[in-house]
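**Q** Handing you a structure now.
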Amino acid sequence: KSFGGQLSSWGGNLFRFTIGIFSNLISLLMVFVINFYLLLRWKKLGESLGKAFGPQHEKRILRLFHQVESGLGGWLRGQLFLCFAVGTLSFIGLSLLKVPYALHLALIAGILEIFPIIGPIISSIPAILSALIVSPLLALATAALYIVVQQLENNLIVPKVMQKAVGVDPLVTILALMIGVKLMGVPGAILAVPAVVLLKIIFLEILRPQESQ
């Protein structure tokens, strides 16, 4: 290929990558907005459903809503801990490599941990550029650091944290994330673990004997 052709190809790939990121960010924003309004109405929704199904089912439905609220609260606490863990690991690594503005870059990595897949990619860009100002070798080492942190996060930290926070087996967490990404991309990765928690609670409630209610 000519240099002009390669430049055009790179430009097209960069454009598609940028569009993909903005599309995912819009989808994520919609997910958070829906969840926010759902949480605001959660208690009233449970009470309304309980009354709609009659007195004989009201207690069970309210208990189910309470369990879901508790489970999703555990997931949210786990997610916040993941942000802290990734931010801390990033700060330690960047400080050891002596990358400029290590604390600020680590804060960005921790905050963007909320967004699976694209969060680590976006947070790595300013870190690599900051390292590139010092030397190309440091930029490569910084890129390697972010890859290592992401691998630790995906294969060790996330499964263990979610097992502790919501009682979901690490293997189930990994499979849920893989399926979520395959079906819905980044929003699917965010909703994967809450969906598993929700299904687990509903399944256990269905198996609960009627006489124990």
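**Q** Of everything in region 192-213, what is assigned to a helix (DSSP H, G or I), open to solvent by 60 Å² or more (accessible area, probe 1.4 Å) and either at pLDDT below 80 or out of contact with any Gly (no Cβ under 9 Å at 6 or more places or on another chain) (or both)? Give them in sequence order.
**A** Matches in region 192-213: Leu199, Ile202, Phe203, Leu204, Ile206, Leu207, Gln210, Glu211, Ser212.
**Q** Could you grab the pairs with beta carbons closer than 8 Å, sequence gap of 6+ or different chains, first residue in region 77-91 and over 17 Å from Gln151 (Cα atoms), second one assigned to a helix (DSSP H, G or I) and open to solvent by 60 Å² or more (accessible area, probe 1.4 Å)?
**A** Gly78/Lys164
**Q** Under 7 Å by Cβ, and 6 or more places apart or on different chains, what pairs join a residue from region 145-166 that is in contact (Cβ under 8 Å) with a residue 12 or more places away in the chain with one that is buried (at least 16 other Cβ atoms within 10 Å of the Cβ) and hydroxyl-bearing (Ser, Thr, Tyr)?
**A** That search, which allows pairs on different chains as well, returns Tyr146/Ser124; Val149/Ser90; Val158/Thr173; Pro159/Thr173; Met162/Thr173.
**Q** Another one. Of the numbered conditions (1) closer than 22 Å to Leu76 by Cβ; (2) in contact (Cβ under 8 Å) with a residue 40 or more places away in the chain, Pro120 fails exactly one; give the number of that condition.
**A** With respect to (1) closer than 22 Å to Leu76 by Cβ; (2) in contact (Cβ under 8 Å) with a residue 40 or more places away in the chain, Pro120 is out only on (2).
**Q** Let me spell it out: the conditions are (1) out of contact with any Gly (no Cβ under 9 Å at 6 or more places or on another chain); (2) open to solvent by 40 Å² or more (accessible area, probe 1.4 Å); (3) in contact (Cβ under 8 Å) with a residue 12 or more places away in the chain; (4) farther than 19 Å from Pro187 by Cβ, and Leu72 meets all of them except one. Which number is the exception?
**A** (4)
**Q** Give just the number: which of (1) surrounded by 21 or more Cβ atoms within 10 Å (Cβ to Cβ); (2) touching a Phe, Trp or Tyr at 6+ places or on another chain (Cβ under 9 Å); (3) among the aliphatic types (A, V, I, L, M) does Ile121 not satisfy?
**A** The number of the failed condition is (1).
**Q** Within region 58-69, work out how many residues are closer than 25 Å to Val161 by Cβ and open to solvent by 60 Å² or more (accessible area, probe 1.4 Å).
**A** 2
**Q** Suppose we filter Leu107, Leu97 for residues that are surrounded by 14 or more Cβ atoms within 10 Å (Cβ to Cβ) and under 15 Å from Phe81 (Cα atoms); which single one remains?
**A** It is Leu107.
The values are calculated or read from the model by the stated rules, or taken from the named source; none is laboratory data. As the structure is a prediction and not an experimental result, all values here were calculated from the model. Heads up, the Cβs are rebuilt from the backbone with ideal geometry, glycines too, and the neighbour counts pull from every protein chain shown. The area values use the complete protein model at the heavy-atom level, side chains included, leaving out ligands, DNA and RNA. Shrake-Rupley method; radii C 1.70, N 1.55, O 1.52, S 1.80 Å.
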